[in-house]
């Protein structure tokens, strides 16, 4: 069994004007595909070739000799999760139970917005900002490079990719503009609710 590039949950023009087709051509077709290709090369003929992706990530996390497998597997998973965190006509303040939960944990939606943006902007270099569920509590965490909440016994609900290739074609070095746009116009709150229900 080999790993394959999961299909995008929308057409490449669906996120315009906020994320362009050009960005997805590079980010999805080139970067994400390269992680898949490299992962298949690294696991060929090993015990990991027949595993679920999440199991590969957990099995290789703490082994320095398998860091390449972990990095590529985690990046395949992180990117697949990220694509689903966005949708056409997304973003803005959620409603109903989800809004109530954000307000319960962060005080106000605006507090959540500020904290999530701060995590995304203060992640030095490449990485990710996450909204996660830690048992009954919602938290915001950030991870470097390919690190993922999957290895931390917490449930990922939402992520924003802050590797430069996620936004540079559209926003150049303006990470704050990209993160605000992500929150205001792209977040798929329906996906967040599905992750919560799990």
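Each reported figure results from applying straightforward, stated rules to the coordinates on display, with no laboratory input. Bear in mind the structure is a predicted one, so any value in this text is a computation, not a measurement. Note that each Cβ is placed from the backbone with ideal geometry, even for glycine, and that neighbours are counted across all protein chains shown.
The table that follows gives values for the structure above.
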item: Global form of the range 21-84, assessed from the alpha-carbon gyration tensor, a/c cut-off 1.5; result: prolate
item: Extension gain, residue 67 back to residue 55 (0.36 nm per residue minus Cα-Cα distance, nm); result: 2.9 nm
item: Estimated 222 nm signal from helices in the chain, with DSSP H stretches of n ≥ 4 weighted -39500 (n - 2.57), rounded to 500; result: -13000 deg cm²/dmol
item: Label-to-label distance, nm, for residues given as residue 122 and residue 5 (7 Å Cα→Cβ offset); result: 3.6 nm
item: Sequence of 126, 197 once ranked by neighbouring C-beta atoms within 10 Å, starting from the fewest; result: 197, 126
item: Residues of the range 167-181 with amide N under 19 Å of a point placed 7 Å along Cα→Cβ from residue 93; result: 180-181
item: Relative exposure of 21, 58, 198, judged by other C-beta atoms within 10 Å (fewest first); result: 198, 21, 58
item: Using alpha-carbon coordinates, inclination of helix 67-84 to the longest axis of the chain, degrees; result: 40 degrees
item: Among 83, 128, 163, residue whose mean-square fluctuation peaks in a GNM of the chain (springs only between Cα atoms under 10 Å); result: 163
item: Pairwise label distance in nanometres, residue 190 with residue 46, each label 7 Å out on the Cα-Cβ vector; result: 3.8 nm
item: Residues residue 152 and residue 37, FRET efficiency given R0 of 30 Å [Cβ-Cβ distance, rounded to 0.05]; result: 0.65
item: Gained length - residue 16 relative to residue 168, 0.36 nm times residue gap less alpha-carbon distance; result: 53.2 nm
item: Folded to 0 to 90 degrees: helix 96-106 orientation relative to the chain principal axis, Cα; result: 90 degrees
item: Using alpha-carbon coordinates, inclination of helix 109-122 to the longest axis of the chain, degrees; result: 40 degrees
